[in-house]
Amino acid sequence: MHPAYAARYRAQRRVTRPDYRRSAVLARWGHRCGYCNAPAAHLDHIKPLAAGGRDIESNVIPACASCNASKGTLSLAQWATT
C-alpha cells in the first residue's frame with residue numbers, strides 16, 4: 001500500500017476504546033446471560049452497531065454463545081419473533 005493511502009486509512013479508522021469494562025458488565029450480571037440466564041462469556045449490543053446502536057454501557061448486555069450467535073445483527077423485536 002502506498003504510504004499516503006496508508007496514512008489516510010489510519011486517520012479515517014480512529015478506533016476508540018469504549019467507556020465500560022467487559023469484566024465489570026459481566027460481574028454486574030453475575031456472569032449470566034441477560035437473555036436466557038445461562039453462563040455468559042460474550043457481550044452483546046442490544047441495539048446492534050450495524051443498525052446504528054452505540055458502543056456504550058447502557059447498550060451492552062452479557063450473552064451466552066448461543067444467544068449471541070442467534071441474535072447476530074437483529075434487533076430484540078426481530079430476534080424475539082424468530
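The values are calculated or read from the model by the stated rules, or taken from the named source; none is laboratory data. Treat the numbers as computed from the prediction; the structure is a model and nothing was measured. Using ideal geometry, Cβ is built from the backbone for each residue, glycine included, and neighbour counts are taken over all protein chains shown. Just the protein is used for accessible areas: all its heavy atoms, side chains included, with ligands, DNA and RNA removed. Shrake-Rupley method; radii C 1.70, N 1.55, O 1.52, S 1.80 Å.
Any idea which residue in the stretch 39-66 is least open to solvent (accessible area, probe 1.4 Å), counting only those that are in contact with a Cys (Cβ under 8 Å, 6 or more places away or on another chain) and over 24 Å from Asp19 (Cβ atoms)?
Just the residues of the stretch 39-66 that are in contact with a Cys (Cβ under 8 Å, 6 or more places away or on another chain), to begin with: 39-42, 44, 62-64, 66.
In the following step, the residues that additionally are over 24 Å from Asp19 (Cβ atoms) were identified as 39, 64, 66.
Details: Pro39: 92, Cys64: 13, Ser66: 84 Å².
Checking each candidate, the answer is Cys64.
Which residue pairs have Cβ atoms under 9 Å apart, sit 6 or more places apart or on different chains, and have a first residue in the stretch 15-44 that is among the acidic types (Asp, Glu) and modelled with pLDDT of 95 or more and a second that is open to solvent by less than 60 Å² (accessible area, probe 1.4 Å) and not in a loop (DSSP other than H, G, I, E, B)?
Asp44/Val60; Asp44/Ile61; Asp44/Pro62; Asp44/Ala63; Asp44/Cys67; Asp44/Asn68; Asp44/Lys71
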